[in-house]
1. Within segment A:1-15, take every residue that is more than 9 Å from chain B (Cβ to nearest Cβ) and in a helix (DSSP H, G or I) and give me the one that is modelled with the lowest pLDDT.
2. Need pairs with beta-carbon distance below 9 Å; first residue free of Cβ contacts under 8 Å to residues at least 40 places away in the same chain and within segment A:116-130, second crowded, with 24+ Cβ neighbours inside 10 Å and part of a helix (DSSP H, G or I); sequence gap 6+ or separate chains.
3. Kindly establish whether residue B:96 is crowded, with 20+ Cβ neighbours inside 10 Å and part of a strand (DSSP E or B).
4. Does segment A:304-354 hold any residues that are exposed (fewer than 15 other Cβ atoms within 10 Å of the Cβ), among the polar types (S, T, N, Q) and in contact with a Lys or Arg (Cβ under 9 Å, 6 or more places away or on another chain), and which are they?
5. Return the residues of segment B:64-83 that are in contact (Cβ under 8 Å) with a residue 40 or more places away in the chain, assigned to a loop (DSSP other than H, G, I, E, B) and under 18 Å from residue B:157 (Cβ atoms); say none if nothing qualifies.
6. Does segment B:15-33 include one or more residues that are more than 9 Å from chain A (Cβ to nearest Cβ), out of contact with any helix residue (DSSP H, G or I) (no Cβ under 9 Å at 6 or more places or on another chain), surrounded by fewer than 20 Cβ atoms within 10 Å (Cβ to Cβ) and within 20 Å of residue B:164 (Cα to Cα)?
7. Keeping to segment A:475-534, report how many residues are over 30 Å from the mean Cα position of the chain (by Cα), part of a helix (DSSP H, G or I), at pLDDT below 80 and not hydrophobic (A, V, I, L, M, F, W, C).
8. What is the residue count in segment A:236-252 for residues that are at the interface with another protein chain (Cβ under 8 Å from one of its Cβ atoms) and assigned to a helix (DSSP H, G or I)?
Amino acid sequence: MSRPAGGLTGVVLRAELRQLLRDRRALFAAVVLPVLLYPLLLGGTRRMEEAAEESMGGRDLELFVDLEGVGAETRAALEEALAGPHTTLTPCSAAGLLEVQDSLPSAHRARLRTHFEELTNGGRTAVVLATEPEGTEGPLMARVFARRKDPLSREASSRGRARLREWSRREGEAQRLELLAVDPAAPLAVEARNIASAEDQGGRELGQFLPILLVFLLVSGGSYGALTVFAGEREAGTLETLLTTPADRGHLVRGKFLCVLAATGAALLSNLAGLALAAAMGSADLPGGALGAGRLLSTAVFLPTVVLLTAVLCLACGRARSFRQGQQLLFPLTLCLVVPTTVVLVPDLEHSIGLGLVPLAGAALSLRDALRGALTPGPTLAMMVSHLALSAVLLRRLAVLLDAERALAGGAVRAEAAQRRLGTRAGHVVGGLAVLLMLAVGTRLQAQAPLGGLLGTLWLVLLPLALIGHLRIGRALGPATPSARLFGGCRPSALVAAALAAPPLAWAVEQLVAHLLRWLPLPSSAAAPSALVDLVEGGSTLTLVAVFALSPAVVEELLFRGTVLGALLRDGRPARAILTSAGLFALAHLSLHRLPPTFALGCVLGVVAWRTRSVWPAVVLHAAYNAWAVLSGTERLPELLADNAVLLRWVGLAALAALPFLGPRREES
Amino acid sequence: MSTAPDAIQAEGLIKTFHDPERGEVNAVQGLDLICRGGEIMGLLGPNGAGKTTTLRMLATILAPTAGRARVAGFDVVEEPLEVRRRLGFLSGTTGLYPRLTARETLEYFGRLHGLEGPELERQVERVVDAFDLHAFASGRCEALSTGQKQRVSIARATLHDPEVLILDEPTTGLDILAASDMIRFIEQRREEGRAVLFSTHVLSEAERLCDRIAIVHAGRVLAVGTQEELRARTGATWLEDVYRALVAEVEGQTA
């Protein structure tokens, strides 16, 4: 058996590819759709626009005119100018329109509209009102009234204005020539020139949507491959057979992964080919139509993302027990993968190393920059390394997934499954109650006495809810299994790591909030009650830490992590439990602006509690995070900490990364 | 090569599934088994007795929680690749790749077993002849009947001429003709001096085929022996009654 190591991977890859190439759906998703989508999409919208314009331009319109305010000679000239093809002129008296408009504040627009409709028999047109200049020297005034919401009215207005402008240009030129007796263009020629090349312009426009479109296309292109290669294998019952051959599991996973990578790679190439095709179809003003080969080649910065997306797809489909289950997974997965790439829609967002580390968002920004011809090496390098590293981690998980122990172990026992669902329901009830109590009692208490209300809500309402809820769930459902028991002790190292992990978390949340405010400006009414502001500004550091850090940390963690997450974890699906508990935690903060950051925070705290099997590291992390945020926000951070913020951030990052591995030792669990 | 005369040896095999939410599931609880070369041995027991788990442990798909097992002289935990080289495995739920032809399937698995070139061709031709696959060898597997598929599967399992064949309810879902074909194939392996271990809950199959039978119940082997030995031990004539008597014996002990 002296076969080279890569040989078996190749055997698996060839067999998988052969099957994939015989799957019409896979070929359509990976090649046909990406090639055709772009030309069809752009060609289609252009045709529709043209058709709409054509049909509007050909519509017969009745244009209402009031030319009584100008001299007879001008009136005749204007009438001749306005009465073009498909247009009939109807005289009317529009002075009232002018009066109504001048005399009414904007709040009474409704009456203006009524008047307009009465004047024009329904308002689906425009009214042109021409008047002599107010002084002796001013120009002739022509006002065009229309309702922009109505397409016919809009067309009438634009037709009227275009013809008036054309007349005005011709008239002006004639007058000037008459007055000056020279060509008015001669003394000074002014011409607008766009400094940006067509390539830059196209690249900029393409960069705004190609990263988003590509992720969508790559996921859909690779999805059939991943489904066939992993979920299909399990469903067809061939996995077991495969695992009894003397082929190492690493070879099997690599072969399968490479097959899916071929599909996503084909989707990438097909999409670029589609782009070129769309440009070749004669749409020179198409974004990307003017893109040179070099610029197109620079999309290679997206290759690590292709690898990452492939790994994600493989992992998702590897988890699915059947083709169908995998398909159901794909839609939400696609959404989750596309969302980070929408970062390219933020105007003038500069790429940075930090952003480069964010999966998919960093890649989207690098691709945007590459298309613009302004690739930033540092962030792009960070992006490539982090994306490939993440892919490697996912691939290792994939090898574990192919482990038959998980794939083939017996199904769930029905009675136990029902019992587990009860745990989930209990978690939902307690979490929902917490949100309701915050809404009904908490806000009222805090409106009456901000400080007392805050502390009262925490200690007198939420803490009893946490403790009573925990006891009742324990009594109703029996003792939890070790992984759902979060009220136990933990390793001291976990507490230390939790305390250290606050600065990077605070920094990340700060960035997230700053990002959010760009999209969703904070309303002025959202300011904190003045008594709290006074406390924040006037209170001693110790008071601040007690009120804003310790109190919420202890109570909220016992409630949302200890009781709610503990109950949800009985279901045996940690990811779902953590996301749900974080969602409830975020909802309980009753603020649209705090929803995303508190949700993110809830996820981190949930993972910490779940992995360390204890609520206490989460309490410490929450308290340290709040303290850091409040103290740095009021510039009261001790000098020693403030001066070393960057160092602490890196140390904290290491601590945060270590936290999930500081759970109980094997023999204890 | 190993000097051990036994094709399969299992001692105190235990499999406990650790499920954090469901606690511990004891699928196999101390199973001993010996199967010799040239022998057909049947594992007989109802669903949930631990037959499939046992066979999967012997086929190196599952790792035993405790105990030892050797197949063709190699330890299933320490040298799983060596075991797999000498093992053919087939279960009733085994599927085929719908988009590969029967011949491509055989070639794929032959390559995974390290066969190449003329040797691969020779072996593929051998099993195509042996299992009479000529008529449909170049058709895609998705178009085959259940019986044809099972023939391709058994051809696939014996392509590398394994010393040990492990079959998990190989006749499940087959019609009478296909099932009797399968039984004929199994007998053929015995004639070639190979060991076959197969599980079933069809008593007539066991009665017709097996040199020795192991009665499995709740993850343990209650008794092993030839049919005569088992009848003599329990005083029952029919295998069904043998099984009942053995279960009653154990449950009487534990009650």
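1. A:5
2. Correct list of pairs: A:123/A:116; A:124/A:156.
3. Judged against the criteria, residue B:96 is not a match.
4. Across segment A:304-354, the qualifying residue is only A:322.
5. If the condition is that a residue be in contact (Cβ under 8 Å) with a residue 40 or more places away in the chain, assigned to a loop (DSSP other than H, G, I, E, B) and under 18 Å from residue B:157 (Cβ atoms), then B:72 is the only one that fits.
6. The answer is yes, given that some residue of segment B:15-33 is more than 9 Å from chain A (Cβ to nearest Cβ), out of contact with any helix residue (DSSP H, G or I) (no Cβ under 9 Å at 6 or more places or on another chain), surrounded by fewer than 20 Cβ atoms within 10 Å (Cβ to Cβ) and within 20 Å of residue B:164 (Cα to Cα).
7. 4
8. 5
The values are calculated or read from the model by the stated rules, or taken from the named source; none is laboratory data. Note that this is a predicted model, so its numbers are computed, not measured. Here Cβ is always computed from backbone atoms with ideal geometry, including for glycine, and neighbour counts include all displayed protein chains.
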